[in-house]
Every structure is written in structure tokens, then in C-alpha cells.
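In what follows, a single structure is set out as C-alpha cells and then discussed.
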Amino acid sequence: MNNKKPLISVVIPCLNEAGTVERLLDQLVSQSTSLLEVIAVDNGSHDGTLDILSSYKPKGLIVVSGIAEGVSRARNAGAKVAHGTWLVFLDADTLIPENFVTELTTLLSANPEFEIAALGYKAQTKNVFFKILTSLAQSYQRASFKLKGIPLIPGAVGLVKRNVHEKIGGFNESILYNEDFDYSKRAYKASGKFKSLSRQYVYFSVRRLENGGWKKVVATYFKAEYARIRGKKYHPEEYDMSDHVMK
């Protein structure tokens, strides 16, 4: 990985991701290019995550530490040290296809007519039901933009020009849930140039469905979306982001 005038800065928040984030980092290292910069932000881990991240520094990984818990804080901290024209926000449990970096750099090098986008995503599981749920969620997000004119960009697959991110002041760190959709709304208002991508995609983890009980997780998302439609904030008190499960 090379942080010299990169086109893309990938920002990865990490909270207790020992045993998980290595897979994504290995994939990014294997697809390394001078157009790519990778930034991992330790978000107050206590399981050895920071040691693991530090071991990738010789391979070009930029590590940011000392950031208090909160995924918005982590994303903002990573973006603050980024040099790329574009920011890509991925979760630590995300996986990427072999041609991900090539596909993305080719697209963004061509000066596309958008400034914010949602990457496509596929479920990281053999469970057919979870694959269907993931597909339905993505279809809803795309339909929502067509029907309501407001994009829904999940934080785990967000793509935005760095100057747009800076213009809106990044993620709102006071919002603990649905912070990514608040970000989407403000970014679109500032830019007006949005696109849902399909060819450029990642493999999205479904561990929240697997570990937290899919009914509770889906119900939480429904409640959060209902609140968003009404212009309200929503934070489920029983959702523990540090363990990625519903209690």
C-alpha cells in the first residue's frame, strides 16, 4: 500500500476486531496499488486489535489509535488523515472480491458524474435466507432514493469525495444509530450527485443476523427506518455495537 498521492483512501473502523480485520487487510495488501491508501482506526479495542493493526504498518497500513468508542468518531478520525480524493468506508468484517481495487480505481479515474455513492454488497454467508434479507435491504435502499429522492448509504459501503465529507463536517458523532443515513442526507444535500453501484461491490458480513437473532435485528432496522422517515432519531438501548449483537 502506498499513501503517496492516492486516488482512494479506505477507512476501516476497528473495535475489538482481532481475528476478523486481518482477512480484509490481507485482501487489500494483495491488491495494493499506488492509487490506494488504507487507514485503520482503533476505536478503543481491548482484545489485541491494535497490535494486529500495528503489524501491518510495514506493509503500508496507516494506523490511527487513541480514538474513543463510536463508529462516527473512528470514521472521522480516519478521514482526517486521509490523502485520497475519494473516501471509502468499510467495516472491519467486510471482504472484497479479487478485482475490487481495479474496478473501483478504473471507475473513479474516469471522473464519474457522481460525488457520493453506495457500493453494491453481497451477503457473506451460505445461508439462503440471510442472502435474501440482504438483497431485500439493498433493493429497498435503491428504491427509496427513486421514490423519496434521499439516498440511503450504509456506512459499511460508503463512497464519497473527500471534499464533500469535509464540507459537511463528516459524520455526526452525537448520533449513535443510523448515523450513516444522516450522513447520506447531508452529503446529498451538499453534492446532489449520487449513484448506487453494482459492479463495484463488497461481501457484507451478516454476523449481526447470525449472532443477535435475526428477528430482533430486522425489527430494530424497521423501527430505525420508521423513525428516519418521520425525521426522528432512533437508538435501540439494547444494541451493543462493541459485541455486534442484540442482547
For this session: For Ala18, list long-range residues whose amide hydrogen, built 1.01 Å from N in the peptide plane, is under 5 Å from its own amide hydrogen.
Result: Thr49
Exercise. Residue-wise, which Karplus ³J(HN,Hα) couplings in Hz belong to the stretch 151-158, taking 6.51 cos²θ - 1.76 cosθ + 1.60, θ = phi - 60°, and x for glycine or proline?
Worked result: x, 10, 10, x, x, 6, 9, x
Exercise. Among the listed pairs Lys5/Lys167; Lys57/Lys193; Lys131/Lys167; Lys80/Lys215; Lys5/Lys126, which are separated by more than 32 Å between their Cα atoms?
Worked result: Lys57/Lys193; Lys131/Lys167; Lys80/Lys215; Lys5/Lys126
Exercise. Once every DSSP H run of n ≥ 4 in the chain is given -39500 (n - 2.57) and the sum is divided by its residues, what mean residue ellipticity at 222 nm do you get, rounded to the nearest 500 deg cm²/dmol?
Worked result: -12000 deg cm²/dmol
Exercise. Longest exposed-loop-site-free stretch of the chain, with GluC sites (Glu not before Pro), DSSP loop and at most 15 other Cβ within 10 Å?
Worked result: 114-236
Seminar exercise, completed: Diffing the stretch 62-76: the Karplus 3J(HN,Hα) column from phi (6.51, -1.76, 1.60, θ = phi - 60°), in whole Hz with x for Gly and Pro, holds 8, 10, 10, 10, x, 9, 5, 4, x, 4, 5, 4, 5, 5, 5
Exercise. Within the P(r) computed for the chain, what percentage of the Cα pairs occupies the region above 33 Å?
Worked result: 11
For this session: In whole Hz, with x marking every Gly and Pro, tabulate ³J(HN,Hα) for the stretch 159-176 from phi via Karplus 6.51 cos²θ - 1.76 cosθ + 1.60, θ = phi - 60°.
Result: 9, 8, 5, 4, 5, 6, 4, 5, 4, 9, x, x, 6, 7, 6, 8, 8, 9
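Only sites in a loop by DSSP and with at most 15 other Cβ atoms within 10 Å count here; which trypsin sites (Lys or Arg not before Pro) in the stretch 182-211 make the cut?
Of the trypsin sites (Lys or Arg not before Pro), the ones in loops of the stretch 182-211 whose Cβ has at most 15 other Cβ atoms within 10 Å are Lys193.
Every number here is computed from the coordinates shown, using simple stated rules; none is lab data. Remember, predicted model here, so these are calculated numbers, not experimental data. Because the Cβ atoms are built from the backbone with ideal geometry, glycine has one as well, and the counts that use them run over all protein chains shown.
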